[in-house]
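The next block holds one structure in the form of structure tokens; read it before the comments.
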Amino acid sequence: MSGKSTALLRAENLVKHFPVHQHMFGRQTAVVHAVDGVSFELRTGDTMALVGESGCGKSTVGRLVLRLLDATSGKVWFGGEDLMSLSPGQLRARRRELQMIFQDPYSSLNPRMTVEQTLTEPLALHGLARGRHRERAAELMDLVGLAPQYLQRYPHEFSGGQRQRIGIARALAVEPRLIVCDEPVSALDVSIQAQIVNLLQDLQRRFGLAYVFIAHDLAVVKHIASHVAVMYLGHIVEYADKRSLFASPRHPYTQALLSAIPIPEPGLRHERILLQGDVPNPITPPSGCRFRTRCPYARERCGEEVPALRATAGHSVACHFWEEIAPPAGVAASGGAVNERLVRLQGAFRTGSSRGGTPAGKEFEIDLINV
Ligand SMILES: Nc1ncnc2c1ncn2[C@@H]1O[C@H](COP(=O)(O)OP(=O)(O)OP(=O)(O)O)[C@@H](O)[C@H]1O
Ligand code: SF4
Ligand SMILES: [Mg+2]
């Protein structure tokens, strides 16, 4: 694999093991296998969603590709350049193009800085918009759908959704090419979630941004992602374009995750696959396939051999036996419960407007079952 790929971002066999110490200055006793051999590519204008249970390594992957964390091994290519080989000075210059948006914008915004200071600080740091910082800050506010007269306010004077818009404006200030969005809407009410997701999509179209979008909510993922990577205990177990993944999930873990999405229509129900047991400890992950302790299809080979991520027709899966595993039961007529939250989320996407350019009232397709 070389840096000549057409992809904007290419992660190659990324590994991150966190050392565990007896106490703060004690000897190392173990390692947390947070990320173990993750590879993927992302093109300009695309959004790759990273999904999986808490602790599976999503945020660690996000930090590794931005080089906010140093990898134990592996490579990250950005625009054909090996990020791991950059000197601190070169990395600082590149950093401009690699930004991150966090779940809780309040904790990432300095409470003692006005919005104007928050937005102009990165401009000064990177020598951008010289002599027109105030103007640029006003432009950024407009881009994210906030009135420029709010520039002199402090973060606590805004709602959660407005603060997330400020976080996005700050990331945009330096004209990035890639943004890692780490659960950017998880803490927001569903109607606000739709506005922020729509805003991110508008900005992506306008500026040709690439997103790594980390999320728990598969309804949101289905709306924003072009590709989806499903993670389990530090591994990508399935990777495909969104349509293929939602229509025909191949890995038993993905099938279980998707079966947990409630169907918002009365009278329709699909079979829910309940996983047995807890997620294993990442300090001592199971041998072979890491999912085998919870997999209903596990057999001897699964404990002996790590399944490789194999692609067929652009859809990759890491399971020895996926061809033999029947797809999950389809939708069956019966009296299933309606999920209130999901109905609201769907409604919000249908009517959501970003104030940052999307025409109000534009219809968004978010059909959770029939892709
Ligand atoms: N600095 C660290 N030191 C030690 N272990 C860490 C560190 N950061 C993360 N981990 C561990 O690495 C694993 C992956 O963590 P990570 O935060 O990437 O998961 P995640 O998928 O983002 O989870 P969540 O959905 O809860 O945010 C977890 O077991 C976590 O406890
Ligand atoms: S490799 Fe074995 S344990 Fe792993 S998902 Fe496939 S069948 Fe299950
Ligand atoms: Mg996380």
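Observations on the model:
- Here LEU86 clears all of (1) surrounded by fewer than 22 Cβ atoms within 10 Å (Cβ to Cβ); (2) of a type in the set (A, V, I, L, M); (3) within 16 Å of ligand 1 (Cβ to nearest atom) except the condition numbered (3).
- Residue identified as over 23 Å from LEU128 (Cα atoms), surrounded by 23 or more Cβ atoms within 10 Å (Cβ to Cβ) and small (Gly, Ala, Ser) among ALA173, ALA225: ALA225
- Considering region 93-108, the residues that are in contact with a helix residue (DSSP H, G or I) (Cβ under 6 Å, 6 or more places away or on another chain) and not in a helix (DSSP H, G or I) include one that is nearest to LEU69 (Cα to Cα), namely GLN99.
- Failed criterion for ALA129 (all others in (1) small (Gly, Ala, Ser); (2) touching a residue at least 60 places away in the same chain (Cβ under 8 Å); (3) over 25 Å from PRO184 (Cα atoms) hold): (2)
- Positions within region 210-260 being of a type in the set (A, V, I, L, M), over 14 Å from the mean Cα position of the chain (by Cα) and outside any helix (DSSP H, G or I), in sequence order: LEU233, VAL237, ALA240, ALA260
- Residue match in region 109-117 (condition: free of Cβ contacts under 8 Å to residues at least 60 places away in the same chain, more than 16 Å from ligand 2 (Cβ to nearest atom), crowded, with 22+ Cβ neighbours inside 10 Å and part of a helix (DSSP H, G or I)): yes
- The sole residue among LEU50, LEU69 that is out of contact with any Leu (no Cβ under 6 Å at 6 or more places or on another chain), assigned to a loop (DSSP other than H, G, I, E, B) and within 15 Å of ligand 3 (Cβ to nearest atom) is LEU69.
- Set SER73, SER54, SER107, SER59: member being among the small types (Gly, Ala, Ser) and over 30 Å from ALA219 (Cα atoms): SER73
Every read-out reported here was derived from the displayed coordinates using simple, explicitly stated rules and does not represent laboratory data. Predicted, not measured: the structure shown is a model, and the values here were computed from it. Heads up, the Cβs are rebuilt from the backbone with ideal geometry, glycines too, and the neighbour counts pull from every protein chain shown.
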